[in-house]
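See below for the structure under consideration.
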Amino acid sequence: MAVLGFNFPKREVADFTCKCERYIGTQSGGMDQAISLMAKMGFASLIDFNPIRATDVSLPSGGSFVIAHSLAESKKAVTAATNYNNRVVECRLAAMVLAVKLGMTPKEAISTVRTLSDVEGLCVSFAASLGSSDPVVAVEQYLHEEPYTIIEIEGLLSESLTDIMSDSSTSLSVLAAAKHFKLYQRAKHVYTEAKRVFSFQEIVHTKGSEEEVLEKLGAIMDASHQSCSVLYECSCPELEELVSICKDLGAFGARLTGAGWGGCTVSLIKENDVPAYILSLKERFYQSRIERGIINRNDLGLYVFASKPSNGASIIKLQW
């Protein structure tokens, strides 16, 4: 586009590239696109949506992130109806059910509520009546832990789910594949994960020793992975094994990264420990895969490496 003379703000590019990705059949959000474009060297970024914007977050010195591939490949478009898109639909259904429980008419909830963010204000208002500000209070009050059936949700919303989701073929595929929906678990994960994001931002600005700050950040990463694994159920055996090894090797925190069901982990460790940590990780996780012919030893650098925040995508104009 730049070659043709077009110029777009990065946030606009992040938005339309996110929409483009949905044509492969996944109801993707815009996190990856936003950070790929808006990242700044030396900073983490707090990404907000509607509108998309990024806030720089300084990271403590002395720490480093290590990326390690689980070697489990997740074909998200292929498994979308049972995995990725299923979670999107579950979150939408949880939001609509919460809206009705908190006073909206079913018709209003169906027409105006699409995400849990849309009902967060209602949840917080309910929590405030009980002396809290945590939206999870409403989740625990109004959603039950047992999986919901389609019939039960349709009774709460007074309309068939196929009619509600009629504008989305990928959502209809989810309804055709699913036998039940874990609304409580998905909503609780989303709200607690959002809280962890802001806690992470707050901790890097608090006073304390380098070690104390890294330990607190690591604890948030651990809690995030636990929630992804247990409440959102987007982990896999290979990721669980890898996260466990990362912790055994002394990582302050370790979690899956990306959408899950495969892919990579990210671990927070002391910068000075990076070489020894990566060597141990190669021995504990990758050596057996090398021996089984899953990967080539010469390619290990592609699967495990240290990383620090870098600049996002940009246009480089060459002078001839």
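Against the test of being touching a helix residue (DSSP H, G or I) at 6+ places or on another chain (Cβ under 9 Å) and either among the charged types (D, E, K, R) or modelled with pLDDT of 90 or more (or both), the options Ser36, Ser64, Ser111 yield a single qualifying residue, Ser64. Does Ala187 fit the bill of being under 19 Å from Asn85 (Cα atoms) and at pLDDT below 95? Considered against the rule, which asks whether it is under 19 Å from Asn85 (Cα atoms) and at pLDDT below 95, Ala187 comes out as no.
The rows are residues; the columns are (1) closer than 30 Å to Ala81 by Cβ; (2) free of Cβ contacts under 8 Å to residues at least 24 places away in the same chain.
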{"position": "Gly208", "(1), (2)": "no, yes"}
{"position": "Leu231", "(1), (2)": "yes, no"}
{"position": "Ala259", "(1), (2)": "yes, no"}
{"position": "Phe285", "(1), (2)": "no, no"}
{"position": "Arg292", "(1), (2)": "no, yes"}
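In this structure, is Glu283 under 23 Å from Arg186 (Cα atoms), in the same structural domain as Ile67 (by TED's automatic domain parsing) and of a type in the set (D, E, K, R)? Judged against the criteria, Glu283 is not a match. Out of everything in the range 295-320 that is at pLDDT 95 or above and assigned to a loop (DSSP other than H, G, I, E, B), what residue ends up being nearest to Asp248 (Cα to Cα)? Filtering first and then ranking leaves Ile295. Selection within the range 223-251: residues that are more than 24 Å from Met31 (Cα to Cα) and in contact with an Asp or Glu (Cβ under 8 Å, 6 or more places away or on another chain). The member of this set that is surrounded by the most Cβ atoms within 10 Å (Cβ to Cβ) is Lys247.
At least 1 residues being of a type in the set (Phe, Trp, Tyr) is the threshold, and among the helices (runs of 4 or more DSSP H) wholly inside the range 178-248 those reaching it are 183-203. Look at (1) within 24 Å of Thr55 (Cβ to Cβ); (2) touching a Phe, Trp or Tyr at 6+ places or on another chain (Cβ under 7 Å); (3) of a type outside the set (Phe, Trp, Tyr) and you find that Ser224 fails only one, number (2). Scanning the range 109-140 for residues that are farther than 13 Å from Cys91 by Cα, among the aliphatic types (A, V, I, L, M) and not in a helix (DSSP H, G or I) gives a single hit, Leu130. Considering the range 160-175, and only residues there that are touching a residue at least 24 places away in the same chain (Cβ under 8 Å) and hydrophobic (A, V, I, L, M, F, W, C), the residue that is farthest from Lys107 (Cα to Cα) turns out to be Val174. Annotation note: of Val89, Val78, Val97, the sole residue that is free of Cβ contacts under 8 Å to residues at least 24 places away in the same chain and either in contact with a Cys (Cβ under 7 Å, 6 or more places away or on another chain) or over 26 Å from Ser45 (Cβ atoms) (or both) is Val78.
Does Gly155 qualify as being in a loop (DSSP other than H, G, I, E, B) and farther than 30 Å from Pro237 by Cα? Answer is no for this residue. All conditions in (1) surrounded by fewer than 18 Cβ atoms within 10 Å (Cβ to Cβ); (2) more than 22 Å from the chain's Cα centre (by Cα) hold for Ser199, with the sole exception of (2).
Filter the range 141-152 down to residues that are in a helix (DSSP H, G or I) and among the hydrophobic types (A, V, I, L, M, F, W, C) and give me whichever is farthest from Leu93 (Cα to Cα). Among residues in the range 141-152 that are in a helix (DSSP H, G or I) and among the hydrophobic types (A, V, I, L, M, F, W, C), the one farthest from Leu93 (Cα to Cα) is Ile151.
The values are calculated or read from the model by the stated rules, or taken from the named source; none is laboratory data. Bear in mind the structure is a predicted one, so any value in this text is a computation, not a measurement. All Cβ positions, even for glycine, are placed from backbone atoms using ideal geometry, and neighbour counts span all protein chains on display.
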